[in-house]
1. Looking at LEU49 and the list (1) open to solvent by less than 50 Å² (accessible area, probe 1.4 Å); (2) under 30 Å from PRO313 (Cβ atoms); (3) modelled with pLDDT of 90 or more; (4) not acidic (Asp, Glu), which single condition is not satisfied?
2. When residues of the stretch 21-35 are filtered for being out of contact with any Ser or Thr (no Cβ under 9 Å at 6 or more places or on another chain), in a helix (DSSP H, G or I) and open to solvent by 20 Å² or more (accessible area, probe 1.4 Å), how many remain?
3. Residues that are open to solvent by 90 Å² or more (accessible area, probe 1.4 Å) and modelled with pLDDT of 75 or more, at least 3 per element: which helices (runs of 4 or more DSSP H) completely within the stretch 60-159 meet that?
4. Return the pair list, or none, for Cβ contacts closer than 8 Å from residues in the stretch 241-268 that are assigned to a helix (DSSP H, G or I) to residues that are open to solvent by less than 40 Å² (accessible area, probe 1.4 Å) and among the β-branched types (Val, Ile, Thr), at least 6 apart or on different chains.
5. Check off (1) assigned to a strand (DSSP E or B); (2) within 24 Å of the chain's Cα centre (by Cα); (3) β-branched (Val, Ile, Thr) for THR208 and give me the number that stays unchecked.
6. In the stretch 36-46, what residues are small (Gly, Ala, Ser) and either free of Cβ contacts under 8 Å to residues at least 24 places away in the same chain or loosely packed, with under 15 Cβ neighbours inside 10 Å (or both)?
7. Filtering the stretch 223-258 down to residues that are among the hydrophobic types (A, V, I, L, M, F, W, C) and more than 12 Å from the chain's Cα centre (by Cα), which residue is most open to solvent (accessible area, probe 1.4 Å)?
8. Please name all residue pairs, on different chains or six or more residues apart, with Cβ atoms under 6 Å, provided the first residue is in the stretch 178-196 and is among the β-branched types (Val, Ile, Thr) and the second residue is assigned to a helix (DSSP H, G or I) and open to solvent by less than 60 Å² (accessible area, probe 1.4 Å).
Amino acid sequence: MNRNTTAMTLHYLARALLLAGFAFFIVHLVRTGNLNLYIASRMQFIVKLSALGLYAVAAQQFYAAIRTWMDKKSDELSCDCNHEMPSTWGKSLLLYGWFALPLILGYAVPDGLLSSSMASAKGVQFAPQQIVKPSADLSAQEDTAPEDTPEAASEPSSSTAVPGDSNEDAALDILFPTDEFTESYAKFGKMLVQQDLIKVTDKQFIETLTTLDLYRTAFIGKTIQLSGFVYREEAMGKQQFGVSRFAISCCSADASPYGVMANFGRASTLANDEWVTVTGKLETTQYNDIEIIQINVTKVVKIAPPEDPYVSPDLDFGLE
């Protein structure tokens, strides 16, 4: 058996081990329930399928290694794929090292949640990109309403809003003006504003916060409830902290922190990165000379991190 045959066999074995290592790592994440720390929920099925593909290619490379080892007539360092394999051990170590390093780190470094340190590096955006104000002042309508008269008192008032009537619809249209870009948020806002308690769910976390920000005038004084980890910046007051979540579209590499400012008298009792559910009234405040929404917290419940700590854009939003 010549030297080229041995080198070829080792190349095939190295590739088989690397491919199998990545496949085993995916299976490990699935079995431990930690795949959602790396991959968005809607992408996990594809990643699981890729593990099967990696297993198949690893098996093919392992078979090629055995076949090359048994074939004593092989005298060329070629893989029959129109390119040559690395000609020196140094180049081989460099090439396979690029693939081995992330694999080793994946097994060696404990799985963990993205936290305040990453949020600080990326920056939590408390300031909205846009604010949509009511197209008219409801109080102005009330001021122009005709005064009560004995004749009017004997008749049902046309200004009394009954759910589903034209007066209420008109009032909602004033609170939620829309264009082609905000139509879905306006429709969603009309539904939210009629709720006694607005719960910011994981499924529509981003969409709900965006709606509250766009149409803040309509939601001032409403009771809001949401969950997230405690996040702080130096510019915050002693009673302020951010209730934040990381949003991912594909994987943790594209994670972006979303959050709402919270004001709580006992904020000092909450540690950074601690997960909480807060309930309180929505208001506005000034932060870095910009008006932002804030929750004046009336209740805080400390919770364990959810099984799926990250949120993703709701692809069905606006399609209902």
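The values are calculated or read from the model by the stated rules, or taken from the named source; none is laboratory data. The structure presented is a predicted model; accordingly, all values stated were derived computationally and were not measured. Cβ placement follows ideal geometry from the backbone for every residue including glycine, while neighbour counts extend to all protein chains displayed. Heads up: the accessible areas ignore ligands, DNA and RNA and are worked out on the full protein's heavy atoms, side chains in. Shrake-Rupley method; radii C 1.70, N 1.55, O 1.52, S 1.80 Å.
1. Here LEU49 clears every test but (1).
2. 7
3. Fully inside the stretch 60-159 and qualifying: 89-108.
4. SER252/ILE39; ASP254/ILE248
5. (1)
6. Listed by number, the list holds a single entry, SER41.
7. ALA235
8. THR178/ALA186; VAL193/ALA218
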